[in-house]
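Q: Questions regarding the structure given below will be posed in turn.
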Amino acid sequence: TQLLEQSPQFLSIQEGENLTVYCNSSSVFSSLQWYRQEPGEGPVLLVTVVTGGEVKKLKRLTFQFGDARKDSSLHITAAQPGDTGLYLCAFNDMRFGAGTRLTVKP
Amino acid sequence: GAVVSQHPSWVICKSGTSVKIECRSLDFQATTMFWYRQFPKQSLMLMATSNEGSKATYEQGVEKDKFLINHASLTLSTLTVTSAHPEDSSFYICSAGRQGTDTQYFGPGTRLTVL
């Protein structure tokens, strides 16, 4: 049973559009990680957030950790085809959400 | 730094045979390693937590006698799928935690196909 809910499960957008994906839990965690996974490969860590309300930016990606440390969001500005992949969140107990499969069409 | 390798990267075996998958942290010591299974189009499902020098902790529903985990050193954990069956075909991924941090580093995965 997944303890983390991610939404949306699937997202298909055109190049240049903005998007936000969400990760929610009923539990409080000390840290949260966002990963991106491409087919046939292991997940690659994008960011770790640890402080409630924390915002981190990684080029066109903006990550936010909720004040209560139960939820997080990932916002991508001006998406590019290279952003295509499975985006996964995980809390510090290393259980993953179901993931958001993003497709960015050129 | 923080590279994790897995071997083999893919394996095809006959039903009933056993398959061993290795997970190595190449440039750091990992007291804890995690094993995951991922079916097509799905997320990673945690199978077990592997602790160096002690027994692994298995998630509910994962048969410990079927998925044998050994973490004999600070840089190596192995997962053995015993008496594999076609339903065990999956993508198996490990991760290793660097001591003193919450960050996990993932291996590239092993694709197991049981005929």
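Q: Rounded, prolate or oblate: which fits the protein assembly as shown when a ≥ b ≥ c are the square roots of the eigenvalues of the alpha-carbon gyration tensor, with rounded for a/c under 1.5 and prolate only if a/b beats b/c?
A: Note, shape of the protein assembly as shown comes out prolate.
Q: Within a Cβ distance under 13 Å of A:Lys59, other residues only, what is the Lys/Arg minus Asp/Glu net charge? The partial results should precede the final answer.
A: Numbers: positive: A:Arg36, A:Lys56, A:Lys57, A:Arg60; negative: A:Asp83.
Here the charged neighbours net out to +3.
Q: Give me the extension gain from A:Thr103 to A:Lys59: residue separation times 0.36 nm, minus the current Cα-Cα distance, reported in nm with one decimal. Present the calculation step by step, with values, prior to reporting the outcome.
A: Working: separation 44, 0.36 × 44 = 15.84 nm, distance 1.88 nm.
Length gained between A:Thr103 and A:Lys59: 14.0 nm.
Q: Another question, then. Can you give the net charge of the other residues whose Cβ lies under 13 Å from the Cβ of B:Ile69, counting K and R as +1 and D and E as -1?
A: Around B:Ile69, the charge tally is 0.
Q: Let me ask something else about it. Using 17 Å as the cut-off for backbone N distance, which residues of the stretch B:1-27 belong to the label zone defined by a point 7 Å from the Cα of B:Leu115 along Cα→Cβ?
A: Counting only backbone N, you get B:10-19.
Q: Taking the beta-carbon count within 10 Å as an exposure proxy, list A:Ser12, B:Ser5 from fewest neighbours to most. Show your work: numbers first, answer last.
A: Details: A:Ser12 11, B:Ser5 14.
Least crowded to most crowded, the residues run A:Ser12, B:Ser5.
Q: Check which residues have an amide H placed less than 5 Å from A:Ser31's amide H, if you skip close sequence neighbours.
A: Close amide H contacts, sequence-distant or interchain: A:Asn92.
Q: Could you count how many Lys pairs in the protein assembly as shown have their Cα atoms under 15 Å apart, skipping same-chain pairs fewer than 8 positions apart? Don't skip to the answer; put the middle values down first.
A: Values: B:Lys20/B:Lys64; B:Lys20/B:Lys66; B:Lys55/B:Lys64; B:Lys55/B:Lys66.
Counting lysine pairs in the protein assembly as shown gives 4.
Q: So, how do all the Cα-to-Cα distances of chain A break down into 5 Å bins, in percent, from 0 on up?
A: 3, 14, 25, 26, 19, 10, 4, 0
Q: How about the stretch B:31-107: which GluC sites (Glu not before Pro) there lie in a loop by DSSP and see at most 10 other Cβ atoms within 10 Å?
A: Answer by residue number: B:Glu63.
Q: Here is a further query. For the residues A:Val28, B:Val11, what sequence is obtained by ranking on other C-beta atoms within 10 Å, fewest first? Let's see the in-between values first.
A: Values: A:Val28 11, B:Val11 18.
Least crowded to most crowded, the residues run A:Val28, B:Val11.
Q: Evaluate peptide B:35-44: per residue, the Cβ atoms of other protein chains within 10 Å of its Cβ; return the mean as an integer.
A: Other-chain Cβ atoms within 10 Å of each residue's Cβ, averaged: 5.
Q: Still on this model: With +1 on each Lys and Arg Cβ and -1 on each Asp and Glu Cβ, and nothing else charged, work out how big the dipole of chain A is about its Cα centre, in Debye to the nearest 20.
A: Computed about the Cα centre, the dipole is about 120 debye.
Just so you know, all these numbers are worked out from the coordinates, no wet-lab data involved. Keep in mind the model is a prediction, meaning the values are calculated, not measured. Here Cβ is always computed from backbone atoms with ideal geometry, including for glycine, and neighbour counts include all displayed protein chains.
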